[in-house]
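K.L.:
Below is a structure I'd like to ask you about.
The values are calculated or read from the model by the stated rules, or taken from the named source; none is laboratory data. What you see is a predicted model, and the numbers here were worked out from it, not measured in a lab. Glycine gets a Cβ as well: all are built from the backbone with ideal geometry, and neighbour counts include every protein chain shown.
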Amino acid sequence: MAKETPLLPVEDVREAALFFVVGALCFLAALAALSAKSTYGAAKSWTAEVQGELTVSLPDVDRRGADEARKIIEQTQGVRTARVLSKDEIDALLEPNFGSRGLPESLPLPQLVAVEADPAVPDMGPTIARNLAEAGIASAVDEHADWAGDVRRVLGVARLTALIAVALLASTAVAVIAFATHAALLARRDIVDVLHLAGARDRFIAGLFERRFWVLGLRAGAVGALMALGASALMIFTVQVHGSRAGLLPELSLDFLDLVILVVTPVIAGFAARFAARMTVIRALKGMM
Amino acid sequence: MTYPRHDLFDDVAVRLDSVSLRYDTSEDILSDIDLVLKPGSFSFLTGASGAGKTSLLKLLYLALKPSRGEVSLFGRSTSNLTRDQLSSLRRRVGVVFQEFRLLEHLSAYENVALPLRVLGRRESDYRADVEELLTWVGLGQRLHAKPPTLSGGEQQRVAIARAVVTQPDILIADEPTGNVDPEMGTRLMRLFLELNKRRGTTVIIATHDLGLVRQVEAPVYRLSNRLLVQDVEFGGEAARRRTDPGLEG
């Protein structure tokens, strides 16, 4: 005798539609997960660049006074380097605001000292300002903390949004599969009844649906994950080709963790499908004697 | 020689105590039914169409819960059993449904083997038995035919083979010969009798075919006006006299 026929017949049309829906949801969920992960990486990278960097503004001193201030700053514990910015460097910094024709000579500009300090040392800004004040030099210290904080907040919200999207897409997939299982159960009520009256236990009947939807979830999830991989690869390729104008995306790449996400997606889809099918069938069978 | 599987203390195979049944809010379909079937007994259930024969059988094969009263199988009340315990009881009951209930995507062979698959038996262990049973009911050449390609009579024989393949302790048949010719009807009755006599299977057959009732000396229960009564006279000769007054005296 040939291989045993499955007790649940394959529902080509219904299952093709479900396959498409689950595959699409997995594609979106994988992309959202990759986005969440890359925003985390970007936030870390962008904020790391400014960590420990300070700019000391000296409004009331000339170039010589700036050099004295630099020496005081260099003697502060935790400071690695301090450098007085040249007039050209200050012009370049202000170019976005004042244009490329240079600044009027009459415009009073503060002297600027770029400081690189140990990020692990706390309150570096106030310490430098205090040391300069003690030497009679007025100063304003910008720790870039506001900018870094804004970046962290924005990327934190983006990451949270991406994670909510993952959760929503996963729960939508579970709901869709539960609905499809229920429909399959109704369509195959004849089979369920016969098995039930032949003495099949609830878990035996649920197992038939579980296996069916586990395989469907796994396959659809794999297709969705592969599509997400393709989309990510295309995005990375585009960024690399137009890299010079896409400076905001320096961290876009596929690393090991990204591949783990893509591999895990179909497995999660399979488990979600299995879980949804089991719960739906067990609940429906409870309604039978 | 095969011996009956009844437990020593199963002095009653089926017991209905004051059982009533109603669907939703309608009137009772069955009212205050009392019935005792001893292990190894053979009985008929008759009644006009719509009298509630199928509903009564559904109570016996645990497809329905009574609205009132109690159904017991093998000395155990079914009202407080767990779902797994109910499944275990159902495995001891073979059912021939009036509408066959064959699975259309499975072959005749696979339909008959279905209860064995449910029991977790291996195909290599039961293949010969299933083929022999199908040959016995005259379908040895149609093992791989799907139900939609079988005639009504052939489907009925597959349904009967499926009901008896596990050699159940109770066999419940709802109009089992309704779609077969008299010769096959007689043959199927012989199968039921053989199961009853050789294995001690408790058999109850719902039918309005008095020709079938005439073949066996067995108690006849009749459903009428929602009540179950046992005919004073048995089947067999008594039934023959009842339907053919010329034989009396």
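K.L.:
May I ask you to verify whether residue A:127 is closer than 30 Å to residue B:89 by Cβ and in a helix (DSSP H, G or I)?
P.N.:
Criteria not met by residue A:127.
K.L.:
Any residue that is in contact (Cβ under 8 Å) with a residue 12 or more places away in the chain, surrounded by 13 or more Cβ atoms within 10 Å (Cβ to Cβ) and out of contact with any helix residue (DSSP H, G or I) (no Cβ under 8 Å at 6 or more places or on another chain) - is there at least one of those in segment A:106-113?
P.N.:
yes
K.L.:
State whether the residues of segment A:254-271 include one that is modelled with pLDDT of 85 or more, part of a helix (DSSP H, G or I) and closer than 30 Å to residue B:90 by Cβ.
P.N.:
Checked segment A:254-271: no residue is modelled with pLDDT of 85 or more, part of a helix (DSSP H, G or I) and closer than 30 Å to residue B:90 by Cβ.
K.L.:
On the given criteria, is residue A:84 more than 14 Å from every other protein chain (Cβ to nearest Cβ) and either closer than 22 Å to residue A:212 by Cβ or of a type in the set (Gly, Ala, Ser) (or both)?
P.N.:
Spelling it out, it is not the case that residue A:84 is more than 14 Å from every other protein chain (Cβ to nearest Cβ) and either closer than 22 Å to residue A:212 by Cβ or of a type in the set (Gly, Ala, Ser) (or both).
K.L.:
Sort out which residues of segment B:171-182 are surrounded by fewer than 24 Cβ atoms within 10 Å (Cβ to Cβ) and within 18 Å of the chain's Cα centre (by Cα), and write them in order of number.
P.N.:
B:174, B:175, B:178, B:179, B:180
K.L.:
Looking at segment B:25-34, can you tell me whether even one residue there is more than 14 Å from chain A (Cβ to nearest Cβ), hydrophobic (A, V, I, L, M, F, W, C), surrounded by fewer than 18 Cβ atoms within 10 Å (Cβ to Cβ) and part of a strand (DSSP E or B)?
P.N.:
no
K.L.:
Among the residues of segment B:101-110 satisfying the criterion of being more than 7 Å from chain A (Cβ to nearest Cβ) and over 10 Å from residue B:144 (Cα atoms), which is surrounded by the fewest Cβ atoms within 10 Å (Cβ to Cβ)?
P.N.:
Only one residue fits best here, namely B:104.
K.L.:
State yes or no: is residue B:226 surrounded by 16 or more Cβ atoms within 10 Å (Cβ to Cβ), out of contact with any helix residue (DSSP H, G or I) (no Cβ under 9 Å at 6 or more places or on another chain) and at pLDDT below 85?
P.N.:
It is true that residue B:226 is surrounded by 16 or more Cβ atoms within 10 Å (Cβ to Cβ), out of contact with any helix residue (DSSP H, G or I) (no Cβ under 9 Å at 6 or more places or on another chain) and at pLDDT below 85.
K.L.:
Just to verify a result, which residue in segment A:1-33, among those that are within 14 Å of another protein chain (Cβ to nearest Cβ) and among the charged types (D, E, K, R), is nearest to residue B:112 (Cα to Cα)?
P.N.:
A:4
K.L.:
Let me ask something additional. Taking into account only those residues within segment B:74-87 that are over 23 Å from residue B:164 (Cβ atoms) and within 8 Å of chain A (Cβ to nearest Cβ), which is surrounded by the fewest Cβ atoms within 10 Å (Cβ to Cβ)?
P.N.:
Looking at residues that are over 23 Å from residue B:164 (Cβ atoms) and within 8 Å of chain A (Cβ to nearest Cβ), I get B:84.
Condition check ((1) of a type outside the set (A, V, I, L, M, F, W, C); (2) at pLDDT below 90; (3) over 25 Å from residue A:286 (Cα atoms)) across all residues:
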{"position": "B:6", "(1), (2), (3)": "yes, yes, yes"}
{"position": "B:23", "(1), (2), (3)": "yes, yes, no"}
{"position": "B:26", "(1), (2), (3)": "yes, yes, no"}
{"position": "B:35", "(1), (2), (3)": "no, no, yes"}
{"position": "B:45", "(1), (2), (3)": "no, no, yes"}
{"position": "B:60", "(1), (2), (3)": "no, no, no"}
{"position": "B:67", "(1), (2), (3)": "yes, no, no"}
{"position": "B:78", "(1), (2), (3)": "yes, no, no"}
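K.L.:
Check B:118, B:71 and return the single one that is more than 8 Å from chain A (Cβ to nearest Cβ), surrounded by 18 or more Cβ atoms within 10 Å (Cβ to Cβ) and in contact (Cβ under 8 Å) with a residue 24 or more places away in the chain. Give the derivation first.
P.N.:
Working: B:118 fails: more than 8 Å from chain A (Cβ to nearest Cβ).
From the options B:118, B:71, the qualifying one is B:71.
K.L.:
Looking at residue B:56, is it under 18 Å from residue B:173 (Cα atoms), touching a strand residue (DSSP E or B) at 6+ places or on another chain (Cβ under 9 Å) and at the interface with another protein chain (Cβ under 8 Å from one of its Cβ atoms)?
P.N.:
The answer is no for residue B:56.
K.L.:
I would also like to ask the following. Over 30 Å from residue A:132 (Cβ atoms) and either surrounded by 14 or more Cβ atoms within 10 Å (Cβ to Cβ) or within 14 Å of chain B (Cβ to nearest Cβ) (or both): is that true of residue A:76 in this structure?
P.N.:
No.
K.L.:
A follow-up question, please. Within segment B:132-147, identify whether any single residue is more than 13 Å from every other protein chain (Cβ to nearest Cβ), in contact with a Leu (Cβ under 8 Å, 6 or more places away or on another chain) and of a type in the set (Lys, Arg), and answer yes or no.
P.N.:
Scanning segment B:132-147, I find at least one residue that is more than 13 Å from every other protein chain (Cβ to nearest Cβ), in contact with a Leu (Cβ under 8 Å, 6 or more places away or on another chain) and of a type in the set (Lys, Arg), so the answer is yes.
K.L.:
Filter segment B:88-99 down to the residues that are within 11 Å of chain A (Cβ to nearest Cβ) and buried (at least 21 other Cβ atoms within 10 Å of the Cβ), then identify the one that is nearest to residue B:29 (Cα to Cα).
P.N.:
Restricting to residues being within 11 Å of chain A (Cβ to nearest Cβ) and buried (at least 21 other Cβ atoms within 10 Å of the Cβ), the top hit is B:97.
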